[in-house]
1. Quick one: which of 212-223, 146-157 comes out on top by average Cβ neighbours within 10 Å, and what's the full order, highest first?
2. Under the 0.36 nm per residue contour assumption, what length would be gained going from the current alpha-carbon distance of ARG197 and ASP223 to full extension?
3. Figure the gain on full extension for HIS160 and TRP53 (residue separation times 0.36 nm, minus the Cα-Cα span) and round it to one decimal in nm.
4. What are the ³J(HN,Hα) values, in whole Hz, obtained from phi via the Karplus relation 6.51 cos²θ - 1.76 cosθ + 1.60 with θ = phi - 60°, for each residue of the stretch 214-228 in sequence order, with x given for Gly and Pro?
5. If you average the sequence gap of Cα pairs under 8 Å that are 6 or more apart and divide by the length of the stretch 147-235, what percent do you get for the contact order?
6. State the extension gain, in nm to one decimal, for the chain segment bounded by VAL106 and ASP140, taking 0.36 nm per residue of separation less the distance between their alpha-carbons.
Amino acid sequence: MEAVQQPKPPSSHKLFLVTRMLLHSASTTLWNIAVLIFPVALLVQGLYWVQQWLFHPGNALYFHPYADTATTTAFILLLMFTFYLYGSLLRAGRTQWRQTIRKFLVPLILSLPLGGMVMDSYIAVTPQGVVHSDFWSLGDQTAHSWQDVEWISVTYQTGHEQDHFTGSYYLHFRDGTALEIWNRANMSTQDLVRVDRLATAKGIPFRVLSPLTPEAKQLISQDWTQQQSLFIQGLYAR
């Protein structure tokens with residue numbers, strides 16, 4: 001009767017090769033992720049740092065890029081172009097990068113004013129008033145004092161599937177214009193509390209244009225802490 005041969009355990013050399021292959025695959029994946037994240041981080045942080053340096057008032061209660069539709073669209077286009085250019089440069093290597101730059105010279109030139117318009121879109125809330133520069137007003141900002149604010153309103157949306165709460169806090173000025181400072185300015189609840197406290201102290205009339213439904217209250221309770229939820233629900237109950 002023949003003895004059954006047991007399978008041989010893998011040799012140490014094979015284990016070493018498999019381990020090295022796995023480590024190489026992991027390092028390649030991490031490198032690719034880093035390569036993709038780098039241009040995005042550089043573009044986002046670079047624009048924000050320049051904004052802070054050029055436009056940030058020293059006494060601002062809140063300062064942030066203003067994310068209206070035009071600014072958001074332009075920023076996405078800049079990100080897509082940056083990704084494509086960065087990938088093309090990586091594929092070209094050291095010997096062909098000059099040809100790649102020449103190929104993208106016209107888009108690069110066109111992206112400069114687009115980046116300037118994105119960078120120039122911001123909002124600053126100060127104890128004296130509100131300074132806003134929109135996408136189309138390159139180099140031209142609009143300033144309103146708190147005395148220029150005729151009334152304030154709040155409204156909200158819950159999405160098509162009632163799955164998220166997006167609040168809006170509008171400043172309505174005496175010149176007939178209005179500015180939303182909560183959602184489009186990416187304002188946190190803590191920042192909104194400070195701004196709303198200042199506006200309340202100024203005695204500015206306040207209107208709730210969209211009272212909260214039970215579903216909206218439930219979404220607020222899910223998405224925010226208890227303290228934040230109490231403030232937001234109190235805001236819509238005035």
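Read-outs throughout are calculated quantities, based only on the coordinates presented, and are distinct from any laboratory measurement. As the structure is a prediction and not an experimental result, all values here were calculated from the model. Glycine also receives a Cβ, built like all others from the backbone with ideal geometry; neighbour counts cover every protein chain displayed.
1. Details: 212-223: 15.2, 146-157: 17.1.
Descending packing order for the listed peptides: 146-157, 212-223.
2. Numbers: separation 26, 0.36 × 26 = 9.36 nm, distance 2.23 nm.
Result for the pair: 7.1 nm of gain on full extension.
3. Details: separation 107, 0.36 × 107 = 38.52 nm, distance 3.92 nm.
Taking 0.36 nm per residue and subtracting the Cα distance, the gain is 34.6 nm.
4. x, 5, 5, 4, 5, 5, 4, 5, 6, 8, 10, 5, 4, 5, 5
5. Details: 108 pairs, mean separation 27.6, N = 89.
Relative CO of the stretch 147-235 lands at 31 percent.
6. Details: separation 34, 0.36 × 34 = 12.24 nm, distance 2.65 nm.
Difference between extended and current length: 9.6 nm.
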